[in-house]
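Have a look at the structure below, then the notes.
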Amino acid sequence: MVRAITTNDRQAEQQPKSMLDLRHRRQKLGISPQAMAQGLGLSLKQFECLEAGDWQALPGAAFVRSVLFAYARRLGMDDREAVEQLLPEDYRHRVAELHADIDHRRIKPKGLLGFAHGGSGSALAWCCLMLASAVVVIHFFGRQ
């Protein structure tokens, strides 16, 4: 039988210091490993590896981090920093590197006519500006 998490449970909840704390919380709430694995979209073997802290048996750092956050949320623990401390140091660094790599590869907007971010603009923009300048000069000096 699964019981709902009450406000008192949330107030009494302590920050998890190890994966064992998450297991004890799951057991206290009466949630079976099978039910939690199914709720997280994992196989029972993957869930057992997660709960045991066997990180090498799981697909990768980003996967482990996201599943760990989902697991903690299902147990009523929303403090992401405390949950992230459960990950090994090298996994935290790998995830930070992934975020940095994604930011580096992101296409930056070029702004109006392609001149933003210190760029010199596109050839099309320069041609259009030259043509417009010629039309203005001809129109201005052609009125005599």
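The values are calculated or read from the model by the stated rules, or taken from the named source; none is laboratory data. A quick note: this is a predicted structure, and the numbers were derived from the prediction, not measured. Here the Cβ positions follow ideal geometry from the backbone for every residue, glycine too, while neighbour counts run over all protein chains shown. Remember, those area values only see protein heavy atoms, side chains included, never the ligands or the DNA or RNA. Shrake-Rupley method; radii C 1.70, N 1.55, O 1.52, S 1.80 Å.
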Look at region 1-42 and say how many of its residues are loosely packed, with under 11 Cβ neighbours inside 10 Å, modelled with pLDDT of 90 or more and either within 25 Å of the chain's Cα centre (by Cα) or closer than 16 Å to R73 by Cα (or both).
2
Inter-residue pairs, beta-carbon under 7 Å, first within 20 Å of H24 (Cβ to Cβ) and in region 76-92, second open to solvent by 70 Å² or more (accessible area, probe 1.4 Å), 6+ apart:
G76/R10; D79/Q15; A82/Q15
Hits in region 89-115 - residues which are farther than 30 Å from D21 by Cα, open to solvent by 40 Å² or more (accessible area, probe 1.4 Å) and either at pLDDT 75 or above or part of a helix (DSSP H, G or I) (or both)
A100, D101, I102, D103, H104, R105, L112, L113
Looking only at region 30-50, and only at residues there that are part of a helix (DSSP H, G or I) and of a type in the set (G, A, S), the one that is farthest from R65 (Cα to Cα)
A35
Any hit, region 61-72, residues being closer than 20 Å to L42 by Cα, surrounded by fewer than 15 Cβ atoms within 10 Å (Cβ to Cβ), basic (K, R) and at pLDDT 80 or above
no
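Residue-by-condition table, conditions (1) open to solvent by 60 Å² or more (accessible area, probe 1.4 Å); (2) at pLDDT 85 or above; (3) under 29 Å from R23 (Cα atoms):
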{"residue": "K45", "(1), (2), (3)": "yes, yes, yes"}
{"residue": "L58", "(1), (2), (3)": "no, yes, yes"}
{"residue": "L75", "(1), (2), (3)": "no, yes, yes"}
{"residue": "L87", "(1), (2), (3)": "no, no, yes"}
